[in-house]
Structure formats: C-alpha cells, structure tokens
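Asks: Take a look at the following structure, please.
Each reported figure results from applying straightforward, stated rules to the coordinates on display, with no laboratory input. Keep in mind the model is a prediction, meaning the values are calculated, not measured. As a convention, Cβ positions derive from the backbone with ideal geometry for all residues, glycine included, and neighbour counts pool all protein chains shown.
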Amino acid sequence: MNKRLIIFILLMILAVLVGINARLRDRTEIWQMKLQLEDVTQTMEEAKRRIEEVQQSQAEVKAFFDRLNILPEQTVTYYAPYDSRGLCHDGTPNTTATGTKPRPGTMAVNPAVIPYGAEIAVIYRDGTVERGRAEDTGGMIRASRCKVDVFRWTHDEAVRDGKKEATVVWVW
C-alpha cells in the first residue's frame, strides 16, 4: 500500500481517537459535576435537617423552662420604698401590693408572670443567689414582661446595685 495512504489512515484513526478521548473527558467532567451537585444537595438537605432539629430543641428547652418556672437572662433592678423622696413606691411605702410590710426578701414582680406569694431565687451571673417572695408590684414592673425589683432599705443601696442580668426561678 501506498505510504501516504497509510499515513492518512493513521492520521484519521488518530483524529477519531482524539475526538473520542475529548468526548470521554467531557463526559467525565459532566459526571464529576453531577456527583458534586449531588454532594451539595445532600449537604444542603443535611443542613436543613439539622436546623429543624435545633429549632425543635430550642422549643423543647423553652417548654422545659416554662414548666419549671425558670426565666433565664432577666433584668433585675432594685427599689427602696422607704426612700423619703417617694421615687420607689406607687402609694404608701409601708404596704406592699399584697398588704405586707416591705423588708429584705420582698420582691416586686409582674403578677401576670410570677404570681404573688411565689418563693423566688435570683441567681446572678457571679453565682450569688438572693431569695425572697413575690409580694409587691409597681407601674414599671407591670409594664414589663419579666423584670424583678428587689427590696433595698435605701435609695443609695438601690442605685448602687443598679441593674443586673440574672436567672429567676420561682416556686408556687
């Protein structure tokens, strides 16, 4: 056979093989992209499942706290009903909303959240605990969802203690 014909046939075969190789490479790339897309889809579905699990867990924790009468991260303030300036009481300073005399351990609450007579423990972030009883309320307390106001003898003591974040636990 003619050398030119053989070279031509070999070049044609080589061209066909190169074309087949290119198509195979394209298919391989498409197949790899498809696998990557499937991996991304699975990852997204797993992330979605985990988000749903976290949301369900958060709802369960909230329900648990609600059943146990635990209010985490509450604002605790202080009031001094005997202060001569009259800044810390709505009426007479000698009587709480429940008719008791204000004293250490008296706590003003929103009775729609914490019922009068409930035993309260205020657990501060530094680990100290202050105990008392829900016996009083006031306009500022009734306007808030969960704030607790703790009795102090003087206005200076109330101002010194200021405002703190704490976990409030009560037993009814």
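Asks: Fully extended, how many nm does the chain gain between Val159 and Thr95 (0.36 nm per residue separation, minus their Cα-Cα distance)?
Replies: Details: separation 64, 0.36 × 64 = 23.04 nm, distance 2.15 nm.
Separation in residues times 0.36 nm, less the Cα-Cα distance, equals 20.9 nm.
Asks: Over the chain, what relative contact order in percent results from Cα pairs under 8 Å that are six or more residues apart? Working shown, then result.
Replies: Working: 246 pairs, mean separation 46.8, N = 172.
27 percent.
Asks: Follow-up. Spin-label point model (7 Å from Cα, Cβ direction): what's the Asn2 to Thr28 distance in nm?
Replies: Going from the Asn2 label point to the Thr28 one covers 3.8 nm.
Asks: Considering only segment 1-141, what is the antiparallel percent among its DSSP beta bridges, to the nearest 5? Working shown, then result.
Replies: Details: 5 of 8 bridges.
The antiparallel fraction comes to roughly 60 percent.
Asks: Would you kindly calculate the mean projected area, averaged across all directions, of the convex hull enclosing the Cα atoms of the chain, in square nanometres?
Replies: For the Cα atoms of the chain, the hull's average projected area reads 17.9 nm².
Asks: In segment 1-68, if the dipole is taken from +1 on Lys/Arg beta carbons and -1 on Asp/Glu beta carbons about the Cα centre, which of Val16, Val61, Met33 is farthest to the positive end?
Replies: About the Cα centre, the residue reaching furthest to the positive side is Val16.
Asks: FRET efficiency for Ala63 and Asp126, Cβ-Cβ distance as r, R0 = 35 Å, nearest 0.05?
Replies: Values: r = 28 Å, r/R0 = 0.81.
After rounding to 0.05, the efficiency reads 0.75.
Asks: Over segment 1-68, how many percent of alpha carbon pairs lie in each 5 Å bin up to the one with the longest distance?
Replies: Distribution as computed: 4, 13, 8, 9, 7, 8, 7, 6, 7, 5, 5, 4, 4, 4, 3, 2, 2, 1, 1, 0 percent.
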